[in-house]
1. Only one of these conditions is not met by residue 151: (1) under 20 Å from the mean Cα position of the chain (by Cα); (2) within 10 Å of the ligand (Cβ to nearest atom); (3) surrounded by 14 or more Cβ atoms within 10 Å (Cβ to Cβ); (4) touching a residue at least 40 places away in the same chain (Cβ under 8 Å). Which number is it?
2. Got at least one residue in region 76-88 being on the phi < 0 side of the Ramachandran plot, within 16 Å of the ligand (Cβ to nearest atom) and either assigned to a helix (DSSP H, G or I) or crowded, with 19+ Cβ neighbours inside 10 Å (or both)?
3. Can you confirm whether residue 101 is within 22 Å of the chain's Cα centre (by Cα), in a loop (DSSP other than H, G, I, E, B) and within 29 Å of residue 237 (Cα to Cα)?
4. Can you say whether residue 35 is buried (at least 19 other Cβ atoms within 10 Å of the Cβ) and either at pLDDT below 95 or closer than 30 Å to residue 153 by Cβ (or both), as far as the supplied structure shows?
5. Can you list the strands (runs of 3 or more DSSP E) found entirely within region 266-370 that contain at least 1 residues being closer than 24 Å to residue 195 by Cα and touching a strand residue (DSSP E or B) at 6+ places or on another chain (Cβ under 7 Å)?
6. Kindly establish whether residue 169 is without any contact (Cβ under 8 Å) to a residue 40 or more places away in the chain, within 15 Å of the ligand (Cβ to nearest atom) and under 26 Å from residue 110 (Cα atoms).
7. Write out, first by first residue and then by second, each pair whose Cβ atoms fall under 8 Å of each other, whose residues are 6+ apart or on separate chains, and whose first residue, in region 113-125, is free of Cβ contacts under 8 Å to residues at least 12 places away in the same chain while the second is within 9 Å of the ligand (Cβ to nearest atom).
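The values are calculated or read from the model by the stated rules, or taken from the named source; none is laboratory data. This is a predicted model, so every value here is computed, not measured. When we count neighbours, we look across all protein chains shown, and the Cβ atoms used for this are built from the backbone with ideal geometry, even at glycine.
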Ligand code: AMP
């Protein structure tokens, strides 16, 4: 059943109504599918471009049943969906990506253990089961001087740099304990990476995979600012990054677009990749694929979850994607005047709160046939 292609005009459910859901719904419409988006906010960006929607919280069991009843397949624009919701959906409708992919990636502890189990490198880390366990965890990671920058990351509900505290080392123990309380967390050594990059890949029901080129990502305050393709890395690093993403996707029996964020570090002379985070969904660092590739990450995700053939992921241009955060969006018209070749996306959010993703633009440099 899982690999049966969705009939033309079938209905795809999307859990989450932000900009990712909006661009997924647009890609689904391009292929003639109907969409039904479930999200808690009545003014969710995806509602404006989907045929139908359900305004409901992510803990509303009746709403999940209603979504399942309306759809041929349900997919996700974000990973923080409760086990209960996943159970209801899974019992009633085809879901993609699979439940395990969401469960592993919505909990940083499970995610780190999963990556370790595959033998892939991460920044040195330790589990922390609440404030009382923090001192031992810190002691296990700091150098002899006791001071070593660390990130304390809540196991659950963190994204875009939220739910994280940067600390200097043992000297910040008290501050870190106050911040953490009795929550579970991951303590991670801060690594001095050369660059951050991500692999955006898509996997079909039968296991076929396609990879987009690897962008270099720059963050500001934990939030993505810019993605540049191609990333300035060797072919070896590019294919190693892809192989990491392939191993992760295969171990999860994944279907759809998956993004794996990585750090490139240089230790003992040689470059090395560390896995930072897995996103079981389309990703901000893949937005440039709309303009620079024949088939975007959004369309490929829809094709994959619908059981339709995957599309080509080659790019016909170098690309630069820049996020418009908060009041950046006030300069949108000036950005267009400055360079008419810029492709602008605005998400239709009314309130431009500081750091909120309001839109993005993409600039291309076309590759010529040689
Ligand atoms: P995350 O939510 O884990 O993706 O973290 C957001 C951003 O914080 C990353 O993209 C990095 O720029 C930075 N960051 C997170 N963890 C580390 C680390 N262990 N070492 C250095 N920088 C980090």
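1. So the condition that residue 151 fails would be (4).
2. Keep residues of region 76-88 that are on the phi < 0 side of the Ramachandran plot, which gives 76-88.
Narrowing the set further to residues that are within 16 Å of the ligand (Cβ to nearest atom) leaves 78-80.
Going one step further and asking which of them are either assigned to a helix (DSSP H, G or I) or crowded, with 19+ Cβ neighbours inside 10 Å (or both), we end up with 78-79.
Yes - at least one qualifying residue is present in region 76-88.
3. When the stated conditions are applied, residue 101 does not pass them.
4. On the way: buried (at least 19 other Cβ atoms within 10 Å of the Cβ): yes; either at pLDDT below 95 or closer than 30 Å to residue 153 by Cβ (or both): no.
Against the criterion (buried (at least 19 other Cβ atoms within 10 Å of the Cβ) and either at pLDDT below 95 or closer than 30 Å to residue 153 by Cβ (or both)), residue 35 does not qualify.
5. Working: elements: 270-279, 317-325, 343-346, 357-366.
In region 266-370, the matching strands (runs of 3 or more DSSP E) lie at 270-279, 317-325, 357-366.
6. yes
7. 116/122
Conditions tested, residue by residue: (1) touching a residue at least 12 places away in the same chain (Cβ under 8 Å); (2) surrounded by fewer than 16 Cβ atoms within 10 Å (Cβ to Cβ); (3) touching a helix residue (DSSP H, G or I) at 6+ places or on another chain (Cβ under 8 Å).
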site: 318; (1), (2), (3): yes, no, yes
site: 322; (1), (2), (3): yes, no, no
site: 325; (1), (2), (3): yes, no, no
site: 329; (1), (2), (3): yes, no, no
site: 340; (1), (2), (3): no, yes, no
site: 343; (1), (2), (3): yes, no, yes
site: 349; (1), (2), (3): yes, no, yes
site: 354; (1), (2), (3): yes, yes, yes
site: 366; (1), (2), (3): yes, yes, no
